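A quick write-up on the structure given underneath.
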Amino acid sequence: MSASRRTRKAPVAPPRPFAYRTGSLSCGRLRLAGVARRFGTPCYVYSLDAILGAFREYDAAFGAREHLICASVKANGNLALLRALAEDGSGFDIVSGGELRRVLATGGRADRVVFSGVGKTVEEIDAALEAGILLFNVESEPELSLLAARAQRAGKRARFGLRVNPDVSAPTHPHIATGLHRHKFGIEPRQAATLYRRYGKHRALEAAAISFHIGSQILTLEPILEATRKVVALARQLRREGLPLRYLDAGGGLGIAYRPEQRSPSIQDYVEGLEQAAGGGQEFTMLLEPGRSLFAAAGALLTRVLYVKHSGKKRFVIVDAASNDLIRPALYGAYHEIAPLRRGSSRLAPADVVGPICETADRFAEDRPMPKLQTGDILAILDAGAYGFSLASNYNSRPRAAEVAIRGGRAILVRRREQIEDLLAPELEIPAQAAGPPKAKLARGV
């Protein structure tokens with residue numbers, strides 16, 4: 001497999017995907033009110049133009065340097081979006097056998113797939129070997145031993161890299177920080193060096209890469225660059241010992257500005273910083289695994305106001321989306337801007353925007369300044385394209401939302417709304433003979 005050598009002119013930065021046009025929130029020229037009427041709510045809407053624009057910006061930032069951009073499937077696994085990225089030359093970062101199936105179902109190339117994650121099963125390893133993926137990112141000695149055994153059994157040679165845990169703290173939420181020794185991810189550098197030496201000449205393995213990833217939603221480059229410098233130093237030491245480490249996998253982690261006061265580094269600055277920290281030149285083929293910075297700002301969750309409830313001084317805006325549709329606020333206390341589809345002139349007042357699920361944590365915002373709202377109004381929960389639908393569930397037996405992609409001013413349904421029949425279909429009744437003896441009838445009046 002040869003990583004991308006394409007040189008592209010730096011693309012013009014795409015306009016903000018969601019903005020008001022003549023008072024109506026729109027994606028490009030398309031009004032979201034029309035999308036909500038056509039497809040209903042809750043509904044995820046993605047700007048495919050923005051997703052591909054971000055991918056092309058990553059690709060162009062590397063210039064002629066050998067590289068491969070591997071979109072993170074866990075951030076957004078919609079088949080239509082993955083297919084468009086594959087057609088544009090993207091590789092993919094996966095963390096399960098199911099995600100591998102998604103990539104292959106879109107026509108994505110297996111030799112552009114990197115398989116990460118701490119708990120790969122025998123079945124998943126076998127499927128990835130059979131498909132002929134580019135690289136396994138290995139996170140423990142037992143996993144590396146199993147990979148060697150399965151590759152040898154299959155008569156194949158598996159390329160691997162060890163995910164090194166560089167013990168660098170990332171300024172992010174504790175649930176999405178991964179770069180310290182107390183985290184479950186990766187291998188500490190000294191042990192990694194030992195494992196490279198022990199398994200580097202195994203006949204069923206090829207020590208092809210070294211990788212790291214210290215966390216997600218990182219808004220300052222220095223921790224990522226510090227980790228890069230540490231891992232590159234180890235890689236160079238191992239190369240001097242004769243291990244042919246070709247790929248430097250810098251993971252993902254670049255954040256976005258969810259809050260108005262936040263600032264995030266540009267993709268160009270991120271890539272240039274990585275290259276400088278790696279020492280420049282063509283020593284390594286660079287692999288990157290962006291997720292949030294590809295998908296997040298390109299997605300919005302449309303939801304309809306069901307009721308407005310007043311309780312003392314509190315105002316609750318109850319909507320038809322819930323934490324089963326977008327769990328980030330409940331799980332991380334994450335902030336998402338919430339915008340009405342029609343820009344009004346009413347005075348802003350605090351409100352809790354909440355869903356219908358029977359959990360107090362089922363809310364998208366607390367004491368958020370919001371305009372006057374009434375039943376039937378549509379809101380857009382912005383920056384929801386990453387870890388939105390991919391983390392959705394059927395809690396409270398709620399069917400998952402529809403997904404719509406917008407490209408060139410056209411809205412296309414890319415995942416139909418689930419129906420309750422979809423939820424019930426896999427469930428089986430207990431056969432009568434296995435149900436046990438019939439229960440005694442309760443006494444009358446009990």
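The values are calculated or read from the model by the stated rules, or taken from the named source; none is laboratory data. Just so you know, these numbers come straight off a predicted model, no measurement behind them. Counting neighbours? That spans all protein chains shown, and the Cβs are built from the backbone with ideal geometry, glycine included.
Working only within the stretch 198-244, note down all residues that are basic (Lys, Arg) and either under 30 Å from residue 153 (Cβ atoms) or over 28 Å from the mean Cα position of the chain (by Cα) (or both).
Just the residues of the stretch 198-244 that are basic (Lys, Arg), to begin with: 198, 201, 203, 229-230, 236, 239-240.
Across the stretch 198-244, the qualifying residues are 198, 201, 203, 236, 239, 240.
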For the stretch 376-403, pairs from a residue that is closer than 22 Å to residue 309 by Cβ to a residue that is among the basic types (Lys, Arg), with Cβ under 6 Å and 6 or more apart or across chains, are 378/304
If we take the stretch 95-156, then helices (runs of 4 or more DSSP H) inside it with 1 or more residues that are of a type in the set (Val, Ile, Thr) and out of contact with any Ser or Thr (no Cβ under 7 Å at 6 or more places or on another chain) are 97-105, 122-131
Residue set 263, 236; condition surrounded by fewer than 18 Cβ atoms within 10 Å (Cβ to Cβ) and not in a loop (DSSP other than H, G, I, E, B); output residue 236
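Identify, from the list 295, 284, the residue that is under 21 Å from residue 53 (Cβ atoms), surrounded by 15 or more Cβ atoms within 10 Å (Cβ to Cβ) and not basic (Lys, Arg). Break it down stepwise before answering.
On the way: 284 fails: under 21 Å from residue 53 (Cβ atoms).
Criteria check complete, one pass: 295.
Please determine, by comparing only the residues of the stretch 1-52 that are of a type in the set (Lys, Arg) and closer than 20 Å to residue 341 by Cβ, which one is modelled with the lowest pLDDT. Lay out the reasoning, then the answer.
In the first step, residues of the stretch 1-52 are kept if they are of a type in the set (Lys, Arg); the result is 5-6, 8-9, 16, 21, 29, 31, 37-38.
The next check asks that each one be closer than 20 Å to residue 341 by Cβ; those that pass are 16, 21, 29, 31, 37-38.
Details: 16: 70, 21: 94, 29: 90, 31: 97, 37: 98, 38: 98.
Looking at the filtered set, the residue picked out is 16.
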For the stretch 260-282, pairs from a residue that is of a type in the set (Gly, Ala, Ser) to a residue that is in a loop (DSSP other than H, G, I, E, B), with Cβ under 6 Å and 6 or more apart or across chains, are 264/219; 264/255; 264/256; 264/257; 273/221
Those residues of the stretch 261-295 which are of a type in the set (D, E, K, R) and either under 18 Å from the mean Cα position of the chain (by Cα) or on the phi > 0 side of the Ramachandran plot (or both) amount to 289, 292
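Hey, among 20, 58, which residue is in contact (Cβ under 8 Å) with a residue 24 or more places away in the chain and within 22 Å of the chain's Cα centre (by Cα)?
Numbers: 20 fails: within 22 Å of the chain's Cα centre (by Cα).
Every option except 58 fails the conditions.
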